[in-house]
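The structure appears below as structure tokens.
Only the coordinates and a few stated rules stand behind these numbers; no lab work does. Everything quoted here is computed from the prediction, not taken from an experiment. Here the Cβ positions follow ideal geometry from the backbone for every residue, glycine too, while neighbour counts run over all protein chains shown.
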Amino acid sequence: MTEESDTHLPFPGLRRRGFLAATGAASLGALALSGCGGPGSDDGKGTGDGRPRRGGRLRAAFAGGGASETLDPHLANLFADVARAKALFDKLADYGADLSAQPRLAEKWQANKTLDRWQVTLRKATFHNGKPVTAQDVLYSYRRIADPTKGFRAKASLEPIDLDASHATGKRSIEFVLKRPTAEFPNILAAFGAYIVPENATAFDEKPIGSGPFRCVSFAPGRSAVFRRYDDYWEGAPHLDEIEFVVANEESARVNALLGGQVEYAHELDPTTARAHEDNGQIEIVRLRNSAMQGFAMKTDRAPFDDKRVRQAFFLIADRKELVDGALSGAGEIGNDLFGKGYEYYADGLPQREQDLGRARALLKQAGAERLKVTLDTSAVAAGFTEAATIFRDQAAKAGVTIDVKTGSKDTYWSDILDSGTLCCYRSGAMPIEAHISQRLLTGSTTNATKWHHKDFDALYQQAQSTPDTKDRAAVYARMQRRLYTDGGFLIWGFADWILGTARKVKGVDRKAPANTLDWARFDKVWLA
Amino acid sequence: MTGLRSFVARRLLLGVAQTVAVVLLVFALTEALPGDAAVALAGDQPDPARIAAIREAMHLDRPAYERLAEWAAGLVHGDFGTSVTSGRPVSQYLAEGFGPTLLLAALTVALLVPAGFGLGVLAARHEGRLADRLISSVTLTVYAVPEFALGILLVTVFALHLGWLPPTAVGYGTDLLAHPAALLLPVLVLLSRPVCSLARLVRAGMVDALAAPYAVHARRYGIGGARVRYAHALPNALAPAVQQLARTIDWLLCGVIVVEALFVIPGLGTVLLNAVAERDVPVVQGLAVVFGVLTVVLNLGADLVAHRLAPRAGVAA
């Protein structure tokens, strides 16, 4: 794999969020486009793109996983895996542009009063072999994911569901029994990798059967996957006849293939490439904002960051603009030490933090941490990491803090920084704010890289999960975020754009959906003009 | 001839021992890398419980020597084992990666031999004159350009600006022969540096050989210039060049990672790079066996050819 290819999806989606009862049919009903490019009901995404035209083959280049790639949707790990999985399969729900759960195969969901039992009704949909999607398929899929011997990525997300007690109440209705109240249950249905496969499906390399907008024609791991339009797709057949996913790990190769007309869509481009081609008319550059949070994780359970004044000093050391300009080549926005800018429940009322070296020095002095020396772990695992580390080292030097940048292996970085070290570069893809909290900031969280262990914080989270009213719940999330803003372990300095390039004839590409959400890499809504 | 036969037998035996040593070394080194396949696969979600489950599913929880012994036992029966990451047979990885690699290597060598030797001989014939100085300076310049830079340069000019050739081989998969235009630039990049080193070696060898007493002697006997050059001097000049050629072929067959990445050609270099990143030990070992065998066979072949060309040089096992 090359540098670009191992952007392991920063994204283990997790858990809950949503309304007590979301009636999905209403919110999405308008989208049933007729397959023949009928009355040009543009789905509001590629506004100005004109009337969808049917036909053609689109070739999309992604960084991939080489000869080990699989079409098993539950093993999806890389962006390329997810793009293929979402073309072939569906989830019960998926994330909208603000990371709120939107109904997909689930038509609606309804909780009981205590939020620990949820009735989910499936919409009428069929698999590529013509068989209907049933409650049994859903239960089989979730049980497969939760198999303790497998280690599927979405297993942690499904943890709140008691799958032994959950059962079908009809052909298209399921009662999910939860281990505890979970107001954000719909987030679980939208979790990363929680795709619905037909009952008893085990092999996915040879023509896998799903219910997604495309059916598999051929698959050569690490090279290409060709999918054809599924005419009976529940949301209306895609405009394209065929989509081909090709793998090109080198960013320059993806750009060259796009410029040379060998592909029509290139995923994951560098900011410098984007700038070079933004206005020259050859290709279209699409920037998906707020796609990747960028920051530093301070381990709050050990010196020097067990003193909150040191953490606060570090918040004030960061010149966020300089970090965004330097490490992200300007392709992004500054952060305010909170995850999920622009997402549902984001506390955008808190004042934007600015660099204040004087106060930082004063705080360090109070904490008895003058002439502080810290090691900052980084690695080439993600774009901008090593640059961010050196920029921050220089910023810290101005506040009298000596930072020693240590570059580690990119293949094992995330595992290396989970428990060891004190300060490290950190990034995350889009996920609901609630999922960020439950995965990383609770005492029992599986990837708590800041070692944020606070009983009262855990209790607030449980309180939010037991609160049926969305407004009341938002208030609890606001309290939690204020706490993290004041003295949390994540110094979140920016949010990187996710950059795509497309040929000019490609229309209907969504420009708002952060990477990993429903409308990102969604080829059933795209057409060739 | 019996001496030669026993030499070949000894070399092959030594080659087997060398390959075994390479495989053991590669196994030890891969094991020594930080993290294993489970950690690499867990990526940015390094939940320890999940890593443990993956490790168990991949049978990585068993001791290293056990895994090595089982793999070696399979190898004796021609079974390269299965990838820990995907569960697919390693032989499939090797077979699919070998096609594009072999094709690129064959094309490159087919052009390299006439170009390299021809330029070398030409330069030697015109030693010190314009042709020689031109060839020598151009080869030196080209040799100094890294493949990556040259590749990008060629793509920019010939594919993107002029639009004569496709910039990459993306989407063509293993069926590269059906798209010969896509092979031109990668072969050119692969060719660039070996041609230079080969031409310079041949030139130097020829210049030495032509100045050697036997060539002077031959001329004194009135043997024609062409015969002295090609029948007497050239074979002696070729011996070192043949060794260099063998090393080049070895390099071409053992994965040309930069060119594969730049032009999206799914050969053995790409397989190796991915396998190491994924800590997919059986695939890495399978590649080590293939590369080891290739190296041994190619070097043996080069020695035999060199022996043929210049028997007096003798063969050293």
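For the reader, a short list of remarks on this structure follows.
- Based on alpha carbons, the Rg and Dmax found for segment A:291-497 are 16.2, 49 Å.
- Entries in A:299/A:373; A:308/A:365; A:108/A:512 that, when Cα-Cα distance is taken, lie over 18 Å: A:108/A:512
- Charged side chains reduced to their Cβ positions (Lys and Arg at +1, Asp and Glu at -1) give the protein assembly as shown a dipole of some 1140 debye around its Cα centre.
- Between segment A:344-364 and segment A:195-256, the Cα center-to-center distance that results, in Å: 45
- Counting all C-alpha pairs of segment A:93-196, share separated by more than 20 Å (%): 34
- For the peptide A:456-464, the mean number of other protein chain Cβ atoms found within 10 angstrom of a residue's Cβ is 0.
- Sorted peptide list for A:408-415, A:199-206, B:108-115, criterion being average Cβ within 10 angstrom, highest first: A:408-415, B:108-115, A:199-206
- Just so you know, the Rg over Rh for segment B:39-135 is 1.36, from Cα atoms, with Rh as the Kirkwood radius.
- Put simply, the amide H of residue A:197, placed in the peptide plane, has neighbours under 5 Å in A:141, leaving out anything fewer than 5 places away on its chain.
- Classified by the C-alpha gyration tensor, segment A:298-378 has a prolate form. Its axis ratio a/c, with a ≥ b ≥ c, is 1.5 or above, and a/b is larger than b/c.
- Secondary-structure-derived ellipticity at 222 nm for chain A, considering helices only, amounts to -7000 deg cm²/dmol, per-run term -39500 (n - 2.57) for DSSP H runs with n ≥ 4.
- Toward the positive end of the charge dipole of chain A, with +1 on the Cβ of Lys and Arg and -1 on the Cβ of Asp and Glu, the farthest Cα among A:450, A:389, A:351 is that of A:351.
- Prolate/oblate/rounded label for chain A (Cα gyration tensor, a/c 1.5): oblate
- Taking every C-alpha pair closer than 8 Å and separated by at least 6 residues, the mean separation divided by the residue count of chain B gives a relative contact order of 28 percent.
- Projecting the Cα atoms of A:95, A:115, A:125 onto the dipole axis of segment A:82-126, where Lys and Arg carry +1 and Asp and Glu carry -1 at the beta carbon, places A:125 farthest toward the positive end.
- Note on segment A:401-439 and segment A:482-529: Cα centroid distance 21 Å, given to the nearest whole angstrom.
- Using the average count of surrounding beta-carbon atoms within 10 Å as a protection proxy, the listed peptides B:82-92, B:145-155 rank, highest first, as B:82-92, B:145-155.
- Cβ-based exposure ranking for B:39, B:289, A:526, in which fewest neighbours within 10 Å come first: B:289, B:39, A:526
- Here is the size of segment A:40-149 from its Cα atoms: Rg then Dmax, 17.3, 50 Å.
- Taken as Cα centroids, segment B:1-54 and segment B:57-124 sit 12 Å apart, rounded to the nearest whole angstrom.
- Counts of other chain beta carbons within 10 angstrom of each beta carbon in peptide A:243-251 average 4.
- Mean separation of Cα contacts under 8 Å, 6 or more apart, over the residue count of chain A: relative contact order %: 23
- Sorting the segments A:160-172, B:68-80, A:424-436 by their mean number of nearby beta carbons within 10 angstrom, highest to lowest, gives A:424-436, A:160-172, B:68-80.
- Nearby lysines by direct alpha-carbon distance to residue A:507 (threshold 30 angstrom, same-chain neighbours under 8 apart not counted): A:45, A:86, A:91, A:124, A:207, A:341, A:525
- Beta bridges from DSSP with both residues in the protein assembly as shown: antiparallel share about 80 percent, rounded to the nearest 5.
- Average partner coverage of B:153-165, which counts Cβ from other chains inside 10 Å: 2
- Segment A:257-398, relative contact order in percent, only Cα pairs under 8 angstrom and at least six apart counted: 25
- Amide H partners (placed H, <5 Å) of residue B:145, local residues excluded: none
- Cα gyration tensor shape of chain B, rounded if a/c is under 1.5, else prolate or oblate by comparing a/b with b/c: oblate
- Helix A:455-465 and the long axis of chain A differ in direction by around 30°, with both axes built from C-alpha atoms.
- Between helix A:79-88 and chain A: long-axis angle, C-alpha atoms, 0 to 90°, nearest 10: 30
- Residues residue B:18 and residue B:59, FRET efficiency given R0 of 22 Å [Cβ-Cβ distance, rounded to 0.05]: 0.15
- Karplus-derived 3J(HN,Hα), 6.51/-1.76/1.60, for each residue of segment B:226-235, Hz, glycine and proline x: 4, 5, 4, 5, 8, 8, 10, 6, 4, x
- Calculated on alpha-carbon atoms, Rg and Dmax of segment A:245-325 in Å: 19.4, 56
- Among beta bridges identified by DSSP and lying wholly in segment A:291-497, the antiparallel ones come to about 65 percent.
- Dipole magnitude (debye, nearest 20) for segment A:93-196, charges at Cβ of Lys, Arg, Asp, Glu: 280
- Note that segment A:366-443 shows a convex hull volume over its alpha carbon atoms of 130 Å³ per residue.
- Projected over all directions and averaged, the alpha-carbon convex hull of segment B:158-317 occupies 13.2 nm².
- Rg over Rh for segment A:383-529 works out to 1.04, using Cα positions for both radii and the Kirkwood form for Rh.
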